[in-house]
1. Restricting to the chain, what percent of DSSP beta bridges are antiparallel, rounded to 5?
2. In terms of modelled amide H atoms, which long-range or inter-chain residues lie less than 5 Å from the amide H of VAL11?
3. For Kirkwood radius over Cα pairs in Å, several values are listed as [x] 23.1; [y] 20.8; [z] 21.8; flag the one computed from this structure.
4. Any idea what the dipole of segment 219-426 comes to, in debye rounded to 20, about its Cα centre with Lys/Arg Cβ at +1 and Asp/Glu Cβ at -1?
5. So if I restrict to the alpha-carbon atoms in segment 62-217, what is the Rg, and what is Dmax, the biggest pairwise distance, in Å?
6. Could you tell me which residue out of SER219, HIS288, ALA300 lies farthest along the dipole of segment 219-426 toward its positive end? Charges go on the beta carbon: Lys and Arg +1, Asp and Glu -1, centred on the Cα centre.
7. May I ask for the angle, rounded to the nearest 10°, between helix 342-359 and the longest principal axis of the chain, with both axes built from Cα atoms and the value confined to 0 to 90°?
8. Under a Cβ-only charge scheme (Lys and Arg +1, Asp and Glu -1), can you give me the dipole magnitude of segment 1-129 about the Cα centre, in debye to the nearest 20?
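Any read-out appearing in this document is the output of simple, stated calculations on the displayed coordinates, not a laboratory observation. These figures come from a predicted structure and were not determined experimentally. Cβ placement follows ideal geometry from the backbone for every residue including glycine, while neighbour counts extend to all protein chains displayed.
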Amino acid sequence: MPDANFAIVSVPGEYAKDVVMDLLKRDIHVHVFSDHVPIEDEVEMKKFASERGLLVLGPGAGTSIINGKAIAFANVVRRGNVGIVAAAGTGLQEVSVLLDRIGLGVSQALGIGGNDVKKEVGGIMAIDCIRALEADRKTKLIMVVAKPPDREVMRKITKVISEETTKPFVICFQSLREYKPPKKLARRVKAVRGLHAAVIQAVKLLKPKAVQKAHKRISMKPRELRALAMKLSKKLKSTQKYIRALYTGGTLMYEAMLIYRELIGNVYSNAPLSSKYKLPDPHKSFKHSVIDLGEEEFTAGRPHPMIDPTVRKLRLIEEAKDPSVAVILMDFMLGYGSHEDPAGAMIDSIEDAMRIAEEDGRNLIILGHVCGTRKDPQSLVEQERKLKKIGVQLFPSNALAVIASALIVKRGKVKADRLRRVYRSFVGI
């Protein structure tokens, strides 16, 4: 293929550099799906590429959408004028899907890998991708999505946005504290902490008259969510206190922990916000637990849970046996690369979990969020239909599902000002 200018590399991490460098020397842009690539290899590849005007997306880049084509794990979304730079794979999927649902679309969505925003790499590709989208005529707004960048990288990104760009930006840094852009950028750069809120901000900047319509499509008002949570919580025994969130998407899991920290306090996890709350055994939950089933301890020697749901099916049954569990929350990731029927593959286990609780004289509330579109290979409509049919309560975004689960275990007793603050940061209301 002598005219090829883009390649996807998915080889064991220790071999990725050799393959990528050979491609870069041939002036080919690269999406590196490979994980466990040594950080020094990543720096070498990205510096080499940047000097030649090439992109190295990744390593560990789960998702990109380039010229309307889904790369790796990605959804079928409409073309549009929002460009996305994401150091977060399922974060990119979530925002692109929500943009699609409210009538906006994606020009280019570039997954740069989670390490790019760490000081060791220095944001090399974050900055190059921002520059590329600034130069792209079809991109009218740029969205940057990442778990918290290291401070010096954040400063570099801010400097580039301030001095080299003119387009509006939505910055979604998923951090404990909200990123505040310099005052001189306040009119065209908006910062939020949540993926749902980032999409609402994009509407406000691009189509301000369409904000209410967007909310009707993907949002629920705080009072609606509280009322639903109160209704569901009445089915629970007083001894049912805890949430068990079983995620296949790492970015969605991280967003969940940030929201829970605001509403119910710190939660335990195999990848926690603080090492104090790291589960001693990732295979055994404790109190409120949020599990990233895509972490290495669950994927070593087996496919990712977005491809093979076996690990989550087994974990769901174990959680159902715990009489202190009130709510189980799950994401269902659609699109290319994912299981051909993510909802259908879980139905038997969900029904078994409900039956286990029922035989013990309990109700088990199962909440879900399906991240996908009508045009995905699995079809959003069909996937949601299957889950609703067996009693799973679905929500249009991950943030809303997480807030609902917290309200359920709190029996609706969350202060109004706190709920409003969380909504503002993560939902955009």
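1. The antiparallel proportion sits near 10 percent.
2. The list, which skips near neighbours in sequence, is SER34.
3. [z]
4. 1420 debye
5. For segment 62-217, the Cα-based Rg and Dmax read 14.1, 43 Å.
6. Farthest towards the positive pole: SER219.
7. So the helix axis and the longest Cα principal axis differ by about 30 degrees.
8. So the dipole magnitude of segment 1-129 works out to roughly 500 debye.
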